[in-house]
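Only one structure is covered here, and it is reproduced in the block below.
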Amino acid sequence: MSYKEPRALTTDFGLIKLSGDLAGTAASPIVIRINTHTVATQTLGASQDGYVLTWVNATSSWTAESAPGSSGPTGTAGGDLSGTFPNPTVVALQTIPIITTAPTNGQVLTYVSADGKWEPKTVTGATPSIARTFMLMGC
């Protein structure tokens, strides 16, 4: 009893010619598709270390691209951040603006309801202990 691969063809010389997702020869196979989906032909070098195969609908193929997040975000920041990536500026905490006045040594960031902003303030009176601070925070 012999097994015959339905997608492999035998030439007149008895060599196996690959088909389906593979090209080349049995001795040197080349993956040209993954589960019948084309793998784009690309030349990659050292600068593409860490690339991953990514499905691209526009070309209906697998394409080598930099891994998501490998270079970090780019473009305009939003939400509590302003500026652009990779160096945005924190301008708010939970959408409440932070005043742009620079703090001085020992000040804490305090919410001032009259201004509707977080502002650096000097703590007056007794300084809360670490244990009390954690209890106030619900930790």
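Some points to look at:
- Selection count, the range 48-70, where residues are under 15 Å from the mean Cα position of the chain (by Cα), surrounded by fewer than 12 Cβ atoms within 10 Å (Cβ to Cβ) and small (G, A, S): 4
- Look at the range 63-75: where a residue is more than 13 Å from G50 (Cα to Cα), no partner that is modelled with pLDDT of 85 or more and of a type in the set (D, E, K, R) sits 6+ places away or on another chain with Cβ atoms under 6 Å.
The values are calculated or read from the model by the stated rules, or taken from the named source; none is laboratory data. Just so it is clear, the model here is predicted, and its values are computed rather than measured. Here Cβ is always computed from backbone atoms with ideal geometry, including for glycine, and neighbour counts include all displayed protein chains.
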